[in-house]
1. Order by neighbour count: 41, 13, 25, fewest other Cβ atoms within 10 Å first, most last.
2. Quick check on the exposure proxy: order 7, 21, 35 from fewest to most C-beta atoms within 10 angstrom.
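Read-outs throughout are calculated quantities, based only on the coordinates presented, and are distinct from any laboratory measurement. Given the structure is predicted, the values throughout are model-derived calculations rather than measurements. Please note: Cβ atoms are built from the backbone with ideal geometry, for glycine as well, and neighbour counts cover all protein chains shown.
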């Protein structure tokens, strides 16, 4: 059986706020399993996330280009556009 980690355990390992881990789960960046009302992360899915960070390969995400944002380029606000 796969080892399962809690959101708090993943956050503690990475020294992050648990909400950050929940955001990754909501965005689809980190796979998770719901067990009743609880959320668990398979250790191998967590390890895959870590490995992606080390290799420089990041999952494709929807949204803005972070570099463009930090370079000061104007960003559209799609939630305000009808």
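1. Working: 41 23, 13 12, 25 17.
Least crowded to most crowded, the residues run 13, 25, 41.
2. Working: 7 20, 21 27, 35 9.
In increasing order of surrounding Cβ atoms, one gets 35, 7, 21.
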